[in-house]
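See below for the structure under consideration.
Every number in this text was worked out from the coordinates using simple rules, so none of it is lab data. Because the structure is predicted, anything quoted here is derived from the model rather than measured. FYI the Cβ positions are ideal-geometry reconstructions off the backbone, even for glycines, and counts take in every protein chain you see.
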Amino acid sequence: MENLSYKLDIFEGPMDLLLFLIGKHKVSITDIPILELIEQYLGYVKGLHVENLEAASEFLEMAARLVYIKTVSLLPAHEEADKLTEELRGELSEYLDCQIIAGKLSEKAKGFNYFSRDPQEFEENMTYSRFHETVEMFRAYVAAVGKGKRKLPPPIEAFSGIVTKTIVSVTSRITFILQKFNDSGKKRFLSFFEKSESRSEMVATFLAILTLAKAKRIAFTGSDENMEVILLKSTTGGKHN
Amino acid sequence: MNDIEAQAIVEAILFASGDPLEIARIAEALDTDIETAVIVLEKFENSLKERQSGLSLLRLDEKYQLCTRTEYADKIRAILEIRRNTPLSSAALEVLAVVAYNQPITKSYIEQVRGVDCSGVISTLSQKGLIEECGRLELPGRPLLYATTPDFLRCFCISSLSELPNLPEKDNAVETDEFVEEQISFTPEETD
Amino acid sequence: MNDIEAQAIVEAILFASGDPLEIARIAEALDTDIETAVIVLEKFENSLKERQSGLSLLRLDEKYQLCTRTEYADKIRAILEIRRNTPLSSAALEVLAVVAYNQPITKSYIEQVRGVDCSGVISTLSQKGLIEECGRLELPGRPLLYATTPDFLRCFCISSLSELPNLPEKDNAVETDEFVEEQISFTPEETD
């Protein structure tokens, strides 16, 4: 599984993976048996590792879309499935064009060997001397913040006096804990706290352990100082060894 | 003004500008019309070639830029201690392809074509000066529009967008990369 | 390496460098000793004079620099200074507005509002003298703070920042549009 999630990195995204799978059929996009393609895609994505969730989300989104196409194509009336399939084919064909063009561009990328120079410096003043109506500032501001619909970041004054403490997120500690299991499925409970740098980090680590236990990703054995944490297989849910 | 003087002015102005300079500006400097300016520029380009100068004249859209000849790139990098450009990633090339053929274009359109988030790549390409913002689309949210720059033309050795490679014919079969094939030596069955 | 090639290398390297370049570095590029490099540079200088180039070679201590000939200084200034007065782009206006209404302000704040990298625009605005650095924020990384300049006030026809049009209240975004209407109701049509 580790290997699989690593290997998905070589794809630029779900579309790239789909094109790769289509390529194996040695037929054009319009002739590809779409249901077979969906099966193969889901086969690859099934192996995604949870740790890679962020990178995997785009692959999963596509998987959901494909599953939907597959589902509607099982219905007696095929119109929607046909429409969705055509849409997917269209997108794939467009992305294929994009890849082909990218390849051609990369062959032409020889111009990086031209060197230009910075403009010669003058002892001139570059000061702007046109005049504008004052209201242009207002219009530009409104344009910049998207007519007030975009949320503005907090003003600078709001930052005074916060920054001294760093807050450690529970999510980051979940990743940390799961990574620690990389070499073995069992770790001493206390080992997760050994290198903690702050109270906030220890609290976050503890909360992360509770969260993982609740999600049945880990279980405990032993007690007191000898307590150990066991990593459970993600797919087998709550089974305890 | 004689030919030699006109060329000297062109040389001085392009040298001082550094950036690509509109033909209209060059004509203004020469105190002449655009047609005459183009002739002077042609002569200047020929004289660079004739005397085997270390410089070459590039035409990028309606702009002209003086650059070093590509043969000397390695020497210049070595002496001026310029780090070698990391080659553009395939993600960057794909984004450039989408922008070049559809400009002006929004980020969400690019992402729709590629099926993945492109914020990082877009900001890298902006920093490298290959694409730039060029206004906003008059739609809810007023999304920014992007277009390619003259530097893009220079880096890909073309003098205008019309020289971009033609779009491929629609009925192309996909060729699977052998390298990718190797990388994914597993099959889904094995992982179960 | 023949004379012509040596001179081409010198030309290319001095062109790309911009700054004065040590004779030792030039010798390194030519793959030769300093004495020979000096001879090449002399020949290069002579050939510039002979062909009445727009450029000339300057020697400063042990450094060499390629520059435009002084006769052309005024012409170059006239042409390149047009650039200083190219009207502000919409990106530049937006950054300027965000600074004007929120100063002092960090680059990352501006970028958060606009959702894109603004380094280029900020440096252009600084060059044009419309914004300037005004200290640092006491936060990790001590980011630079930017504010508008007196020239900004002059260009936008106001005598103090308090004369900037009022912004709508943060929480009644709905009224924004009406407010815009109101603010820009003195359209050119009416004033004509």
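Quick check on the exposure proxy: order A:HIS78, A:HIS132 from fewest to most C-beta atoms within 10 angstrom.
By the 10 Å Cβ count, ascending, the order reads A:HIS78, A:HIS132.
Using Cα pairs under 8 angstrom and six or more residues apart, how large is the relative contact order of segment A:168-221, in percent?
The normalised contact order for segment A:168-221 reaches 49 percent.
Residues of C:102-109, mean number of Cβ from any other protein chain within 10 Å of their own Cβ, rounded to a whole number?
What the average comes to for C:102-109 is 2.
When the helices in chain B are scored as -39500 (n - 2.57) per DSSP H run of 4 or longer and the sum is shared across all residues, what 222 nm value do you end up with, to the nearest 500 deg cm²/dmol?
The per-residue figure over chain B is -14000 deg cm²/dmol.
Under the Karplus relation 6.51 cos²θ - 1.76 cosθ + 1.60, θ = phi - 60°, what is the ordered set of whole-Hz ³J(HN,Hα) values for segment C:28-38, x standing for Gly and Pro?
Ordered by residue, 3J(HN,Hα) equals 4, 5, 8, 6, 8, 8, 5, 4, 4, 4, 4 Hz.
Using a 10 Å cut-off on Cβ atoms, rank the peptides B:7-15, A:108-116 from the highest mean neighbour count down.
Answer by packing, highest mean first, reads B:7-15, A:108-116.
In whole Hz, with x marking every Gly and Pro, tabulate ³J(HN,Hα) for segment A:92-99 from phi via Karplus 6.51 cos²θ - 1.76 cosθ + 1.60, θ = phi - 60°.
5, 5, 5, 5, 4, 4, 4, 5
Tell me the relative contact order for chain C as a rounded percent, counting alpha carbon contacts under 8 Å between residues six or more apart.
12
For segment B:3-78, what's the radius of gyration and Dmax over Cα atoms, in angstrom?
12.5, 41
Whole angstrom only: what separates the Cα centroid of segment C:142-163 from the Cα centroid of segment A:170-228?
Segment C:142-163 and segment A:170-228 have Cα centres spaced 53 Å from each other.
Would you order C:ASP117, C:ASP61, A:ASP16 from fewest to most other beta-carbon atoms within 10 Å of each residue's own beta-carbon?
With the fewest neighbours first, C:ASP117, C:ASP61, A:ASP16 line up as C:ASP61, C:ASP117, A:ASP16.
To the nearest whole number, what is the average tally of beta carbon atoms from other chains within 10 Å of the beta carbons of peptide B:17-23?
That works out to 4 on average.
Might you report the magnitude of the Cβ-based charge dipole of segment B:90-167 about its Cα centre, with Lys and Arg at +1 and Asp and Glu at -1, to the nearest 20 debye?
It works out to roughly 60 debye.
Given a Förster radius of 22 Å and the C-beta distance between A:THR171 and B:SER108 as r, what FRET efficiency does 1/(1 + (r/R0)^6) yield to the nearest 0.05?
Working from the Cβ atoms, E equals 0.25.
When only C-alpha pairs under 8 Å and at least 6 residues apart count, what is the relative contact order of segment B:1-83, in percent?
So the answer I get is 28 percent.
Inside 10 Å of the C-beta atoms of A:21-28, what's the mean count of C-beta atoms belonging to other chains?
Mean inter-chain Cβ contacts per residue within 10 Å come to 4.
Using 7 Å Cα-to-Cβ label points, what is the A:ALA77/C:LEU139 separation (nm, one decimal)?
Spacing of the two 7 Å Cα→Cβ label points: 5.5 nm.
Just to confirm the number: angle between the C-alpha axis of helix B:90-102 and the first principal axis of chain B, 0 to 90 degrees, nearest 10?
Once rounded, the angle reads 60 degrees.
Rounded to the nearest 0.05, what FRET efficiency is calculated for A:ALA109 and A:LEU207 with R0 set to 56 Å and r the Cβ-Cβ distance?
0.70
Under the Karplus relation 6.51 cos²θ - 1.76 cosθ + 1.60, θ = phi - 60°, what is the ordered set of whole-Hz ³J(HN,Hα) values for segment C:68-81, x standing for Gly and Pro?
After applying 6.51 cos²θ - 1.76 cosθ + 1.60, I find 6, 5, 4, 4, 8, 3, 5, 4, 4, 4, 4, 6, 6, 6 Hz.
Amide H to amide H, which residues 5 or more places from C:ARG136 or on other chains are under 5 Å from it, using H placed in the peptide plane?
C:LEU145
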